[in-house]
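Trainee: Would you mind keeping the following structure in view while I ask a few things?
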């Protein structure tokens, strides 16, 4: 989250997949935000690290099999949900017995203050908690097309001369960068 704040995201939020009351409004807001929106969704997964190059993937396990137990079976587990509470912290026990402490943003929290968002996330990290909720929003964010100053016309509809204006136009453009 700190990286998203540092890189200039204009909508930064985090939620837990087991807390749908918090997650759904965050997703809707992030999708409708005009600018760079980053939503981090914490979701426990029993098939963690199943990718190419991982020493914990199914493929690696099959290739380096030492018959102790079957690695092809992913046991069914109950859905993990956050307890319904008005408390600021939700304590959630994962399938392996580990505990995650999710801290919602407090009443009066100002998500338009980037520095306060940094401080809140850092404070949560210091207490071994995971900050959740809308952490930062800049309602003046611009989408990729506004930032890159792209034209509204799709490239497929432009003429050859518009797409390839020639050597003189390229040299003129290059002069701006010298």
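Trainee: Restricting to segment 103-119, name every residue that is crowded, with 17+ Cβ neighbours inside 10 Å and either under 19 Å from residue 33 (Cβ atoms) or modelled with pLDDT of 95 or more (or both).
Mentor: Result: 105, 111, 114, 117.
Trainee: Need the failing condition index for residue 97 against (1) at pLDDT 90 or above; (2) part of a loop (DSSP other than H, G, I, E, B); (3) exposed (fewer than 10 other Cβ atoms within 10 Å of the Cβ), just the number.
Mentor: (1)
Trainee: When the residues of segment 100-122 are narrowed to those that are free of Cβ contacts under 8 Å to residues at least 60 places away in the same chain and assigned to a helix (DSSP H, G or I), which ends up farthest from residue 77 (Cα to Cα)?
Mentor: Applying the filter and picking the extreme gives 115.
Trainee: Within segment 123-142, track down each residue that is touching a residue at least 24 places away in the same chain (Cβ under 8 Å) and surrounded by 13 or more Cβ atoms within 10 Å (Cβ to Cβ).
Mentor: Listed by number, the residues that qualify are 129, 130, 131, 132, 133, 134, 135, 136, 137, 138, 141, 142.
Trainee: To continue, here is another question. What number of residues within segment 151-178 are touching a helix residue (DSSP H, G or I) at 6+ places or on another chain (Cβ under 8 Å) and surrounded by 10 or more Cβ atoms within 10 Å (Cβ to Cβ)?
Mentor: Within segment 151-178, residues that are touching a helix residue (DSSP H, G or I) at 6+ places or on another chain (Cβ under 8 Å) and surrounded by 10 or more Cβ atoms within 10 Å (Cβ to Cβ) number 0.
Trainee: Still on this structure, I have one more. Out of 82, 131, I need the residue that is under 20 Å from residue 21 (Cα atoms) and assigned to a loop (DSSP other than H, G, I, E, B). Which one?
Mentor: 82
Trainee: Hey, another quick one. Go through segment 53-80 and report how many residues are in contact with a helix residue (DSSP H, G or I) (Cβ under 8 Å, 6 or more places away or on another chain) and at pLDDT 75 or above.
Mentor: Final tally of qualifying residues: 0.
The values are calculated or read from the model by the stated rules, or taken from the named source; none is laboratory data. None of the values given here were measured: they were computed from a predicted structure. As a convention, Cβ positions derive from the backbone with ideal geometry for all residues, glycine included, and neighbour counts pool all protein chains shown.
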